[in-house]
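See below for the structure under consideration.
Since every read-out is calculated from the coordinates, none of them should be taken as a lab result. No experiment lies behind these values; they were computed from the predicted model shown. Counting neighbours? That spans all protein chains shown, and the Cβs are built from the backbone with ideal geometry, glycine included.
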Amino acid sequence: MRIRVESYAGFKADERPVRFQLDGNPYAVEEVLDQWFGPDSTFFKVRADDGNLYILRHLTFSEPDEWSLESFRML
C-alpha cells in the first residue's frame, strides 16, 4: 500500500521517516526500532504515536519518492 511520508534529511536525503499519512490519517514516528537494506529498498520498523508498529519501505532509486506500508501490527 502506497503512503505519504515526511522524512528527515540529515547527512543524506530521506534518512529516516518522521511522519506518515495512512488513509488520510496522520501519524508521527515516535521511534525507529530497526532499519535494514534490500537490493533496491530501505526498510524501517517504526512505532507511531498511536502505539502500533509499522514496517515502511522506501524505494531507494525511485523518482519521485515512493514509500509503501509493508506490515502493520496493533499493540
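Observations on the model:
- A cut-off of 5 Å between modelled amide H atoms, ignoring neighbours fewer than 5 places along the same chain, links Ala48 with Glu30, Tyr54.
- About the Cα centre, charge dipole magnitude for the chain (Lys/Arg +1, Asp/Glu -1 at Cβ), debye: 120
- Histogrammed with a bin width of 5 Å, the alpha carbon distances of region 2-73 distribute as 4, 17, 31, 30, 14, 5, 0 percent, first bin at zero.
- Chymotrypsin sites (Phe, Trp or Tyr not before Pro) within region 11-73, DSSP loop, no more than 12 other Cβ atoms inside 10 Å: Phe11, Phe61
- Once backbone amide H atoms are built at 1.01 Å from N, Thr60 has Ser41, Thr42 as its partners under 5 Å, excluding neighbours fewer than 5 places away on the same chain.
- In this rough spin-label picture, where each label sits 7 Å from Cα along the Cβ direction, the Glu63-Arg2 distance is 1.7 nm.
- In region 10-75, trypsin sites (Lys or Arg not before Pro) in a DSSP loop with at most 12 other beta-carbon atoms within 10 Å: Lys12
- Per-residue Karplus couplings for region 50-59, computed as 6.51 cos²θ - 1.76 cosθ + 1.60 with θ equal to phi - 60°, are listed in order as 8, x, 8, 9, 9, 10, 9, 10, 10, 6 Hz, Gly and Pro entered as x.
- In Hz, Karplus ³J(HN,Hα) per residue of region 61-71 (6.51, -1.76, 1.60; θ = phi - 60°; x = Gly, Pro): 10, 9, 10, x, 3, 10, 10, 9, 8, 9, 7
- Hz values of 3J(HN,Hα) by residue in region 34-43 - Karplus curve (6.51, -1.76, 1.60), Gly and Pro given as x: 7, 8, 8, 10, x, x, 10, 9, 10, 10
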